[in-house]
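Accompanying notes for the structure given below.
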Amino acid sequence: MIFQNTLEFARELDAKDALREFRHRFFIPQHDGRDCVYFTGNSLGLQPKTTSQYVQQELDDWASMGVEGHFQAKNPWMPYHEIFPKQLSTIVGCKENEVVVMNSLTVNLHLLMVSFYRPTKERYKIICEAKAFPSDQYALETQVRFHGFDPGDAIVEVKPREGEHSIRMEDVLSTIQQYNQSTALVLFGGVNYYTGQLFDIKAITDAAHAAGAYAGFDLAHAAGNVELHLHDWNVDFACWCSYKYLNSGPGGVAGVYINERHAANTSLPRFAGWWGYTKETRFKMEKGFRAIPTAEGWQLSNAPVLSMAAHKASLDIFEEAGMERLHAKRKQLAAYLHFILNDINLSQNEKVIEVITPANENERGCQVSMLMQKDGKKIFDELTKQGVIADWREPNVIRVAPVPLYNSFQDIYRFGNFISSLTN
Ligand SMILES: Cc1ncc(COP(=O)(O)O)c(C=O)c1O
């Protein structure tokens, strides 16, 4: 499609957008009586207008039934988490027995490493991306130390080459090959939080397996954003949060995928709790942990129902919108934003913005990271004053993420207009 940097053109794209009505299902923050340009769905997704009803239902059942709600509530709390696998398996591409909703992201990363990072004297390294999200870095560092290894030796980071921003897949694969005798785990983000680079999850998984290591992924910036086929790609495990692209509220309950060949292996080491115990006999309260032979076998605690209700509100919207339509619109939104930023550079006869997110649509999701060539922070602050909600990362990066459920092509046009006037 040939894009144009005009309001009429953006309006035309919105008029043709099959998902345009979904915007009205969300509360859009306001500025001076107008919708903000909300481009931080990669940080905290917006609140669906139905969320309060879903949460209220559980509050009402709690008020009227007390503990009986575990069995008598409209959505009984005891098996509440069982409502998620069907919808989530479509979003992350897996079987229903491979996915479970529990805890929060970093907690789950640790729990999964208990099972999948079991280093020996010979095989103890973790290969990861440089500039992984800090919480992941701390999780890796402390897991390595916990097992008595030195993070400086055990953690191998794959970096972008000098003068480049993305990590080349050939460098990821050659690093895995280089350490194929000593690597226990390859752990990458699906999409890097800083650059927005989408990694080739299948190729990384294949390379890790060829090296005799497990492959795990932090999908915080990928779940609900990019196409995922975790089962078909044979990924060992993955985890993600629900408050970014999945719009389930601040600190919302998180998701975990465990390939069924591991999930069915009830002897795989783990840190257990009663909610992972075989359901039929859980309430006999006997000694000796017996795991559920699915991803549910990693659960520790009973379901945080209020947070799960908010998650359900959002997943119902995802189901209605459909992943195929969401991916098609997401690609078009990102392409339009890339076009507009390029148009700003061209019209100003100098590169005022360097887009550090890959130009190839197969190597990115919604997010576009802009390395501002000058006055980055000043421009960012001014954007905020004008009602653009974006995200600032030191030293000079503005991250924006138009998401297909509630962003419009006019949002992108308006954003471009602001950037154009602020960089002139
Ligand atoms: C890639 C990534 N990993 C981990 C985290 C930490 O998540 P949580 O605070 O939910 O554990 C975040 C938070 O934004 C993230 O983006």
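FYI, it's all coordinate maths here, none of it is from the lab. Keep in mind it's a predicted model, so treat the numbers as computed, not measured. Cβ coordinates were reconstructed from backbone atoms using ideal geometry, including for glycine residues, and neighbour counts include every protein chain displayed.
Observations on the structure shown:
- Anisotropy class of the chain from Cα gyration tensor, a/c 1.5 cut: oblate
- For the chain, the longest principal axis of the Cα atoms and the long axis of helix 7-16 meet at an angle of about 40 degrees.
- Averaging the Cα positions of each part gives two centres, and for region 148-187 and region 233-295 these lie 28 Å apart.
- Those GluC sites (Glu not before Pro) in region 350-420 that DSSP places in a loop and that have at most 13 other beta carbons within 10 Å: Glu350
- Shown is the FRET efficiency for Asp200 and Glu324, computed with R0 = 30 Å from the Cβ-Cβ distance and rounded to the nearest 0.05: 0.90.
- Taking every DSSP bridge with both residues inside the chain, close to 55 percent are antiparallel.
- Shape category assigned to region 137-290 from the gyration tensor of Cα positions, a/c cut at 1.5: prolate
- Once the Cβ-Cβ distance of Gln177 and Lys95 is raised to the sixth power relative to R0 = 30 Å, the FRET efficiency obtained is 0.50.
- Spin-label pair Arg261-Val114: with each label point 7 Å from Cα along the Cα-Cβ axis, the two points sit 2.4 nm from one another.
- In loop segments of region 204-249 as defined by DSSP, there are no chymotrypsin sites (Phe, Trp or Tyr not before Pro) with at most 16 further C-beta atoms inside 10 Å of their C-beta.
- Euclidean distance between Cα centres, region 9-37 to region 382-424, Å: 15 Å
- As a rough footprinting exposure proxy, the listed residues Val191, Val368 were ranked by other beta carbons within 10 Å of their own, and the order from fewest upward is Val368, Val191.
- Multiplying the residue separation of Thr6 and Arg393 by 0.36 nm and subtracting their alpha-carbon distance yields 136.4 nm.
- Loop trypsin sites (Lys or Arg not before Pro), region 6-58, which have at most 16 other Cβ atoms in a 10 Å radius of their Cβ (DSSP): Lys49
- Tilt relative to the chain, helix 105-116 - C-alpha long axis, 0 to 90 degrees, to 10: 50 degrees
- Simple label model, 7 Å out from Cα along Cβ direction - Glu157 to Leu300, nm: 2.8 nm
- Projected label distance in nm at Phe27 and Ser347, using a 7 Å step from Cα toward the beta-carbon: 3.5 nm
- Backbone geometry of region 392-401 corresponds, through the Karplus equation with coefficients 6.51, -1.76 and 1.60 at θ = phi - 60°, to 3J(HN,Hα) couplings of 9, 10, 4, x, 7, 10, 9, 9, 9, 9 Hz, x marking Gly and Pro.
- Under Karplus coefficients 6.51, -1.76 and 1.60, residue-wise ³J(HN,Hα) of region 297-313 in Hz, glycine/proline x: x, 9, 5, 10, 10, 5, 4, x, 4, 5, 5, 5, 5, 5, 4, 4, 4
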